[in-house]
1. Taking a label point 7 Å from the Cα of Asp219 along the Cα→Cβ vector, which residues of segment 231-263 have an amide N closer than 18 Å to it?
2. For His186, which sequence-distant residues (separation of 5 or more, or a different chain) have an amide H within less than 5 Å of its own amide H, given hydrogens modelled in the peptide plane?
3. Taking +1 at the Cβ of each Lys and Arg and -1 at the Cβ of each Asp and Glu, which of Gly252, Val83, Thr58 sits farthest along the dipole of the chain towards its positive end, judged by Cα position relative to the Cα centre?
4. Report the gain in length on full extension from Leu198 to Asp247: 0.36 nm times residue separation, minus Cα-Cα distance, nm rounded to one decimal.
5. Eight or more residues apart or on different chains, and alpha-carbon atoms under 30 Å: count the Lys pairs in the chain matching that.
6. Around Gln27, under 15 Å between beta carbons, what's the net of Lys plus Arg minus Asp minus Glu among the other residues?
7. Label points 7 Å out from Cα along the Cβ direction at Ala360 and Val184: separation in nm?
8. Give the shape of segment 28-132 as rounded, prolate or oblate, defined through the alpha-carbon gyration tensor: a ≥ b ≥ c are the square roots of its eigenvalues, a/c under 1.5 means rounded, and otherwise the shape is prolate if a/b is larger than b/c and oblate if not.
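Each value in this text was obtained by applying a stated rule to the coordinates, not by laboratory testing. Treat the numbers as computed from the prediction; the structure is a model and nothing was measured. As a convention, Cβ positions derive from the backbone with ideal geometry for all residues, glycine included, and neighbour counts pool all protein chains shown.
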Amino acid sequence: MRVQQTVLRESTDLANSLGVWRVFQPQLLLVFGPVHWLKALTGPLSTQLADVPCLGCTSAGDISDQGVSDDACVVTAIQFDSVHVQTVSASLVQMSDSFAAGQRLGQQLPQAGLRLVWVLGQGIQINGSALIDGLVDVLGDQVLISGGLAGDGMAFKTSFVLDNAGVHPDRVSCVGLYGEGLRVAHGSYGGWQPFGPLRKVTRCQDNVLFELDGEPALDIYKRYLGDHARDLPASGLLFPMAMLGSDEAEVGLIRIISGVDETQGSLILAGDIDPQGYLRLMHANTDALVSGAEAAAQAACPASTCADQGLALLVSCAGRKLVMGDRVDEEVEAVADVFRHKATLAGFYSNGEISPMPGALACKLHNQTMTITYLTEIAVSS
């Protein structure tokens, strides 16, 4: 496995970069950046690298070996020795179609030898939990699934997914990786702390929260936010909610607000809510979030397993970037230190992270976490 990474900036010679990628002959290109960069790459990629599977999305910031950038485009070219790659896409226009969109993705992927599905979805009109459930419904629960939901600079208006057909606001795409030589590890951790009382979910449907403790959920949330409420939904990134079960025990999942409905007094969350459960507000500081990123890296790459060549795919929540501000590079540096700067880092700040729970295979939609999917390849005897 070999990885080559390019960070495209306004001064970059795009023609030269395309020539470098052609010479490298990758089996997969991953692209993260602002929509104008994705659109600028669509034509050249389709004509000069038409046979190379491409996958990417917009974000709230892009991650590379150079750190975090807002106005650049990170292109990571991956060359495998024995791993087979297949990318597929499906349309997703309405949030209510998320489960079926996941099924459509899964149905296009051959299951024999499938080791990993890394999925990207548009990050606005989507129920990330339902998307995952649709994939699992087709592929079963023994296939590792990870990835994330596209960001849009924390505007919560329109996000885009890139595939070989172009750039789309209504698309979910994934890459399936096949082969005995592929090794995959993962880690996911937050660093947020709960505060305030537990609130009982008294009415919800899927990812729409109507009532807490019998009151309109939006009214309660606005009271907590105070002056921050005028900037919803973006300000909701600062105050996510921890999910608890019906027994008031933590389940290890966090939800962010991706939209509000003033008429119904409801909150639209990035993923499903337990209708019998409880929610509790959370907050964080930079040091705690950096420690969380370090913990995620340690889970994905124990010191004894770090390879000389590898790719660490980082998907971190846009809310973490908002909290950390100018110190956001610190969480990426913490991850790089754990990997002893041997792995190439690539990823983005998202509207939702997709990863198994720590120590498990079952995939969930996360919010406000740093999630890491670590890929390496070993030689396979013929």
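1. Counting only backbone N, you get 260-263.
2. Distant-sequence amide H within range of His186: Tyr374.
3. Of the listed residues, the answer is Val83.
4. Contour length minus the Cα-Cα distance gives 16.5 nm.
5. For the chain, qualifying lysine pairs total 14.
6. On the way: positive: Arg2, Arg22, Arg115; negative: Asp51, Asp81, Glu377.
Summing Lys and Arg as +1 and Asp and Glu as -1 gives 0.
7. 1.7 nm
8. Values: a/c = 1.72, a/b = 1.17, b/c = 1.47.
Oblate shape, in that a/c is at least 1.5 and b/c is the bigger or equal ratio.
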